[in-house]
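Everything below concerns the one structure shown next.
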Amino acid sequence: MVSRDELLEQRIAGLERRIGYLERIVKVSQILNSTLSLEPLLRIIIQSATELTHTEACSIMLLDKRTGELTFSHSVGHGSEGLQNVTVPLENSIAGWIVRKGKPLLIRDAKNDPRWHSKVDKTIDFDTRSILGVPLKVKDQIIGVMELLNKIGEQGFSQDDIQIANTLAAQAAIAIENARLLDELQRAYDELAELDQLKSDFVSVASHELRTPLAVILGYASFLREEVSGEAGEQLSAVLQSALRLRSIIDDMVNLRHVETGEIQLERDVFSLSELISEVTDEFDQLARAKQQVLRLELPD
């Protein structure tokens, strides 16, 4: 018969174990809130799971919606290095049952369970005896499974083990979801940067490759309009107006690109004002002729 003192000691020991569990789980939560790096966080979670539940191994499998299979993502224990990218089907597997049902599953004798998938043991030369599996849930969606293998000791898995596994699985699911969202955000930024580069390349081509032939079009169209009249003259006027609009669009695009890239910078320098005025006049002479305007330049000596 157990004495009152022994019962008290057992209760104290149980409370101390639970306090230890909570401290470890709080530590994992702190790491989860302070890092966006998925790999080390999941290693800490599965390592904590094996230590807190006194099991030989732990693994996290993620669901691939395209193939309908579970793929080992992170593992700890004997042969875990050989599990990377090993797949498990949803049908005829314990992990698949957990995904389909969306609830934990405790199996004390795995080999005698018809859902046990022996391929994994053969792959890494491991002997699975008992399994505690819990789903990884993000909101109401199952994204994978965490499995704890081979409880050490004669007592087997307890309710405390199930609670610990559920808590750590929830933290793992949050970490995986955060990593996925960050990855999607990074891909969106990369695509945006690529599109921005394509836009800049196009503007660069427009400014360098289109201006020269456009200047030729403006020059010849202006010359021909002065030589012809009637319907042909009206058609040439329409060509000139379209060319002028195109020139304006190109100028706006180039100016916008300079503003966005920060390429517009003012520098103080000594220059010849007469040479600058001559260059500007030459550049706009064809535009003036296209609009039937006369641009005259008179500079002092």
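Answer with yes or no whether Lys103 is in a strand (DSSP E or B), touching a residue at least 24 places away in the same chain (Cβ under 8 Å) and not aliphatic (A, V, I, L, M).
no
Would it be correct to say that Ser237 is modelled with pLDDT of 75 or more and out of contact with any helix residue (DSSP H, G or I) (no Cβ under 7 Å at 6 or more places or on another chain)?
Values: modelled with pLDDT of 75 or more: yes; out of contact with any helix residue (DSSP H, G or I) (no Cβ under 7 Å at 6 or more places or on another chain): no.
No: the conditions fail for Ser237.
Looking at this structure, is Thr71 crowded, with 16+ Cβ neighbours inside 10 Å, part of a strand (DSSP E or B), of a type in the set (S, T, N, Q) and free of Cβ contacts under 8 Å to residues at least 40 places away in the same chain?
Yes.
With the structure loaded, tell me whether Glu154 is in contact with a strand residue (DSSP E or B) (Cβ under 8 Å, 6 or more places away or on another chain), among the acidic types (Asp, Glu) and open to solvent by 10 Å² or more (accessible area, probe 1.4 Å) or whether it fails that test.
Judged against the criteria, Glu154 is not a match.
Kindly indicate whether any position in region 74-84 is out of contact with any Lys or Arg (no Cβ under 6 Å at 6 or more places or on another chain), modelled with pLDDT of 90 or more and within 18 Å of Ala165 (Cα to Cα).
Looking for residues that are out of contact with any Lys or Arg (no Cβ under 6 Å at 6 or more places or on another chain), modelled with pLDDT of 90 or more and within 18 Å of Ala165 (Cα to Cα), one finds none in region 74-84, hence no.
Looking at the structure I just gave you, is Ser278 out of contact with any helix residue (DSSP H, G or I) (no Cβ under 8 Å at 6 or more places or on another chain) and at pLDDT 80 or above?
Yes.
State which residue pairs qualify: first residue closer than 13 Å to Lys139 by Cβ and of a type in the set (A, V, I, L, M, F, W, C) and inside region 168-195, second residue modelled with pLDDT under 90 and outside any helix (DSSP H, G or I) in any location, beta carbons under 6 Å apart, and separation of 6 or more residues or different chains.
Ala173/Val138
All but one of (1) free of Cβ contacts under 8 Å to residues at least 24 places away in the same chain; (2) in a strand (DSSP E or B); (3) out of contact with any Ser or Thr (no Cβ under 6 Å at 6 or more places or on another chain) hold for Thr128, so report the exception by its number.
Looking at each condition in turn, Thr128 falls short on (2).
Let me confirm something: among Arg108, Arg100, Arg115, which residue is among the basic types (Lys, Arg), within 24 Å of Asn166 (Cβ to Cβ), touching a strand residue (DSSP E or B) at 6+ places or on another chain (Cβ under 9 Å) and surrounded by 14 or more Cβ atoms within 10 Å (Cβ to Cβ)? Break it down into steps so the answer makes sense when it comes.
Details: Arg108 fails: surrounded by 14 or more Cβ atoms within 10 Å (Cβ to Cβ); Arg100 fails: surrounded by 14 or more Cβ atoms within 10 Å (Cβ to Cβ).
Criteria check complete, one pass: Arg115.
Restricting the search to region 157-192, which residues are part of a helix (DSSP H, G or I), of a type in the set (Gly, Ala, Ser), open to solvent by 20 Å² or more (accessible area, probe 1.4 Å) and within 24 Å of Glu51 (Cα to Cα)?
Within region 157-192, just Ala170 meets the criteria.
For region 58-68, which positions are open to solvent by less than 30 Å² (accessible area, probe 1.4 Å) and under 21 Å from the mean Cα position of the chain (by Cα)?
Ile60, Met61
Counting only residues that are free of Cβ contacts under 8 Å to residues at least 40 places away in the same chain and either open to solvent by 60 Å² or more (accessible area, probe 1.4 Å) or under 50 Å from the mean Cα position of the chain (by Cα) (or both), how many does region 278-289 have? Explain how you work it out, then say what you get.
Within region 278-289, the subset free of Cβ contacts under 8 Å to residues at least 40 places away in the same chain is 278-285, 288.
From what's left, either open to solvent by 60 Å² or more (accessible area, probe 1.4 Å) or under 50 Å from the mean Cα position of the chain (by Cα) (or both): 279-280, 282-284.
Final tally of qualifying residues: 5.
Counting just the residues of region 105-134 that are out of contact with any Asp or Glu (no Cβ under 9 Å at 6 or more places or on another chain) and among the β-branched types (Val, Ile, Thr), which one comes out modelled with the lowest pLDDT?
Thr123
Here are Val228, Val205, Val254, Val270: which of them is touching a Ser or Thr at 6+ places or on another chain (Cβ under 6 Å) and either free of Cβ contacts under 8 Å to residues at least 24 places away in the same chain or under 30 Å from Ala193 (Cβ atoms) (or both)?
Selected residue: Val254, the only one of Val228, Val205, Val254, Val270 that is touching a Ser or Thr at 6+ places or on another chain (Cβ under 6 Å) and either free of Cβ contacts under 8 Å to residues at least 24 places away in the same chain or under 30 Å from Ala193 (Cβ atoms) (or both).
The values are calculated or read from the model by the stated rules, or taken from the named source; none is laboratory data. Everything numeric in this text was worked out from a predicted model, so none of it was measured. Note that each Cβ is placed from the backbone with ideal geometry, even for glycine, and that neighbours are counted across all protein chains shown. Remember, those area values only see protein heavy atoms, side chains included, never the ligands or the DNA or RNA. Shrake-Rupley method; radii C 1.70, N 1.55, O 1.52, S 1.80 Å.
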